[in-house]
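Here is the structure we will look at, set down as structure tokens.
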Amino acid sequence: MCVKVKNYLYQSNYCHKVEAKFTKQERLCSKKQIDLLFLKGSSTTAFPLKLVYMETDVAYVDPCQAMFVVPKRTFKRAHDRNTLKRRMREAYRLHKAPFYELANSKNKKMLLCFLFVGKKIEEYKAIEASVLVHLKKAGAFLNK
RNA sequence: AAUGCAAGUUGUUCUAUCGCUGUGAGGUUAAUCUCGCAGAGGAAAGUCCGGGCAACAUAGGGCAAUCCGCCACCUGAAAGGGUGGGUGCAAAAAUCGAAAUGUUUUUGUAACAGAAAGUGCCACAGAAAACAAGGUAGCCACGAGGUGCGAAAGCACUUGCGGUGAUAGUGAAAAUGUGAGGUAAGAGCUCACAAGCGUAAUUAGUGAUAAUUAUGUUGGGUAAACCUCGGAUGUUGAAAGGCCAAAUAGGUUGCGGUAAUUAAGGCGGCUCGUCUUAUUCCGAUCCCGAUAUUUAUCGGGAGGAAGCCGCAAUGGGUAGGUCGCAAAGAUAAAUGAUAGAAUAUACCGCAGGGCAACCUGCGAUGAAACAGAACCCGGCUUACAGGCUUGCAAAUGUG
RNA sequence: GGCCUCGUAGCUCAACUGGAUAGAGUGUCGGUUUCCGGAGCCGAAGGUUAUGGGUUCGACUCCCUUCGAGGUCA
């Protein structure tokens, strides 16, 4: 009995935690899909970031896949690029849950790509704000 | 005590929440979940060197190419690094001396083998930039010519002739320096001394090298120009290389079918293959004949191929997976984000001490340098906030 | 990850085997010509030869260091 209760608890925890996870399946890795996305996807900007997005019907995409890009042209140092990517990923991870629910309810699948357009290293809060704006816009696209 | 420069060393810690990568155990068919463990530097950087490792090549030797280059010892697999010494150059100080110079000491510095094997180059200026050579500067009046005087010998003057390479001049650099002889004037032309260099011998030293003696010689610089000498290196790099099974359209080969039949006999390794004879078949090719409209159809002969379909094999291409691969380890590339707290230093404020520079205590602020592994090691180079240690520098304050 | 090439006026390129004020076109500025503009003609400015060292009497050139740009690989 005890084990069953424990398992139940774990499952309930899992339901809460899955909202804030970012596993490998949610990352956009396939080169073909990336090429497609940049060919056919539409885009929006809100200052430090730019979002390129697109609908798909690929089987292995659960609700969405996302990737984060910082151009080497503006940031020469590897560690600057790393910090920016980490901040972007973190912001997306914490705020993606409502977007996922929307997508699941509409039965649609999305590919997302966040490009860093700014030329200075931005603080976490600025990035978080722009990610929120982008997610709202993508949600509006889903609603259409 | 503070300031600057150089070298060495160090290059935050703790808690909470939510995560990331790998891995072990457990549950589950599996996806995945839970728990535990591990997870970025002194340079991970530049890729400037040297290895390991891998594949290929390889009788032996040479050429080419690249790298290294005073000596001894220590360290290292090697490149390299360290300590000490030698030589050259530069600076400073001391000393001898009238001075130059020399000697000694200290500090810094050197891609520090060879320019006397050979080739090339050395702008402009200058006579000349290297087997020497020489002018309307200068010096000379010996030789040659001319003029004058003179009986002649000779003397004097002179030179678009001649001699000279001392002086001046050029240049980054000018053929070793000083003195004497010598001479028309001069010149290593001769001699003495000194200096440099080569060779040989002896002595000291493990050695680089130094000293002495003998003998020869006066030969500019450049090897970070080619080059010579000595030493080292086979070539290519993880996109190396091994393994795996799919899909796609070609190529080649084999078998079967489309359509290649049947019968008899011979031979062999005898459920099969092959040969001969007779018979049958043919849509591709060639030849002949007939019909008709260029084309097409029909008949006969030669000939038994090519094409198409299926299966299998083979080699190459496209695109993957996995091993290589790690007590960090991926392949759109992890090692984090947020919140709170602690402390070092700097700055600010207040108080105390001190003649002063400054020091001590309390409060507020609260990590902010350079920078992110991709096969692994060792070195080199470059970047670096603040702390600590050591050395040097010039000037100031106090005692 | 390995390897290779390049960096010169605002721009595009020269400068021989080290030799002297680094040159040409274009652009800029000034003058001239024209009623005005353009074109033409004349003249001028503009360079730390990417950076910092070294070799040499002398470096765009040779050697080393760093920075930046570009290319290439089965």
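What follows draws every value from the coordinates through simple rules; no lab data is involved. None of the values given here were measured: they were computed from a predicted structure. Methodologically, a virtual Cβ is constructed for each residue, glycine included, from the backbone with ideal geometry; neighbour enumeration extends over all protein chains shown.
Below is a table of values for the structure above.
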| read-out | value |
| --- | --- |
| Point-to-point label distance, A:Ala78-A:Ala97, nm (Cα→Cβ direction, 7 Å offset) | 3.6 nm |
| Theoretical gain in end-to-end length, A:Lys136 to A:Lys21 [0.36 nm per residue, Cα-Cα removed] | 39.4 nm |
| At R0 = 25 Å, FRET efficiency that the Cβ-Cβ distance of A:Ile121 and A:Ser42 yields, to 0.05 | 0.35 |
| Nonlocal amide H pairs with A:Val117, under 5 Å, H built at 1.01 Å | A:Leu49, A:Lys50 |
| Long-range HN-HN contacts of A:Lys109 with modeled amide H, under 5 Å | A:Thr56 |
